[in-house]
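Engineer: Dumping the structure here so I can ask a few things about it.
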């Protein structure tokens, strides 16, 4: 089993904090020095890791209500996934991106190869709709602005837009989303929009994973802002995903939702979605890659990348897991 604390050690975390204290501009310098890919999508497809959940007070994985609150474990898993050639990049909040920029600077200073050069880095904009609050669907931009993403030389921005017919907060979030899309368009910055139809369930909100509801919301999302030319949609899987794919000409990335606890269910959904239409172009997934049960996150990232970039079947993806399990576990120990 992958041990994140053996991979990203206490000493590395201590150095990360020490750098934040003694050299707060380190992350900024590393961001300016990073070599970006010339084209966002060289292969026409993307496999992006999502890591913005804790900022919205979402920390539960399986039976552990605060699994993602352990920053050392969370960051270790993120670095492990980013070391995979099958992953194109990361979508995260600024604090996590800055952690990674500092680690990358340390690796460079030690003569190592950058983890972030050539990766797609996307800033998560709106995290103010904290899970479980009375204002949860009024989700203002409390993270970076599009201008900030551009200044940090990020490759895109991401927005979450949850719509419940009975909640006025949804309209406020939609207006904020349209404005952010306009700002991204002016900067020629790709926007990854996650529009979700939701309904009240128990004390929280549940995503309606039904093809008609997703197709309708895709139509709304595609028309937001002054142009859709830099817009990507992030949508969950459902039965009859062909209907969802046909609802827009925009590129679609599949989201994962809560961790299934093992690789097979999500790999099956991804393989099915990739066959649903030519505009389904990959995945923007977090928990199902970072917490794949007892599996190594790197092995899971490689399996997902195989389906997206090499058109693997589910069986091929599952068969690839042993070969990548435990590979390159000395990546960080070589430089720290």
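Engineer: May I ask you to derive the relative contact order of region 4-324, considering only C-alpha pairs under 8 Å and at least 6 residues apart, and to give it as an integer percent?
Structural biologist: 17 percent
Engineer: Quick check on the exposure proxy: order 91, 174 from fewest to most C-beta atoms within 10 angstrom.
Structural biologist: 174, 91
Engineer: Among DSSP beta bridges whose residues both lie in the chain, state the antiparallel percentage, nearest 5.
Structural biologist: Antiparallel: roughly 15 percent of the beta bridges in the chain.
Engineer: Okay, next question. Just to confirm my numbers, what's the Cα centroid distance between region 1-68 and region 169-219 in Å?
Structural biologist: 25 Å
Engineer: In square nanometres, what is the average projected area of the Cα convex hull of the chain?
Structural biologist: Average of the hull's projected areas for the chain equals 15.7 nm².
Engineer: Let me ask something else about it. Evaluate E = 1/(1 + (r/R0)^6) for residue 59 and residue 28, where r is the Cβ-Cβ distance and R0 equals 35 Å; express this FRET efficiency to the nearest 0.05.
Structural biologist: The calculated FRET efficiency here is 0.80.
Engineer: Report the label-to-label distance for residue 117 and residue 95 in nanometres (one decimal), using points 7 Å from each Cα along the Cα→Cβ vector.
Structural biologist: 3.1 nm
Engineer: Mean residue ellipticity at 222 nm from the helices of the chain, using -39,500 (n - 2.57) per DSSP H segment of n ≥ 4 over the full residue count, to the nearest 500 deg cm²/dmol?
Structural biologist: Result for the chain, helices only: -12000 deg cm²/dmol.
Engineer: Using only Cα atoms, find the angle between the long axis of helix 71-82 and the longest principal axis of the chain, and express it within 0 to 90 degrees, rounded to the nearest 10.
Structural biologist: Compared with the principal axis, the helix lies near 90 degrees.
Engineer: Distance in nm between label sites at residue 109 and residue 310, each 7 Å beyond Cα in the beta-carbon direction?
Structural biologist: Simple spin-label model gives 3.7 nm for this pair.
Engineer: Now for a different question. Using a 10 Å cut-off around each Cβ, can you sort 242, 183 from fewest to most neighbouring Cβ atoms?
Structural biologist: 242, 183
Engineer: Note the angle between two axes, namely the Cα long axis of helix 94-109 and the longest principal axis of the Cα atoms of the chain, as a number of degrees from 0 to 90, rounded to the nearest 10.
Structural biologist: 30 degrees
Engineer: With each pseudo-label sitting 7 Å past Cα toward Cβ, what's the residue 186-residue 333 distance in nm, one decimal?
Structural biologist: In this crude label model, residue 186 to residue 333 measures out at 5.1 nm.
Engineer: Could you compute the FRET efficiency for residue 3 and residue 85, with r as their C-beta to C-beta distance and R0 at 25 Å, rounded to 0.05?
Structural biologist: Once the sixth-power term is evaluated, E becomes 0.65.
Engineer: Please give the helix 168-187 orientation as an angle from the longest Cα principal axis of the chain, in degrees from 0 to 90, rounded to the nearest 10.
Structural biologist: Between helix and principal axis, roughly 60 degrees.
Engineer: I need 210, 25 ordered by Cβ neighbour count within 10 Å, fewest first.
Structural biologist: Sorted ascending by nearby Cβ count, the order is 25, 210.
Laboratory data are not the source of any read-out in this text; all were calculated from the coordinates shown. Here the structure is a predicted model, which means the values were calculated and not measured. Don't worry about glycine lacking a Cβ; one is built from the backbone with ideal geometry, like all the others, and counts go over all protein chains shown.
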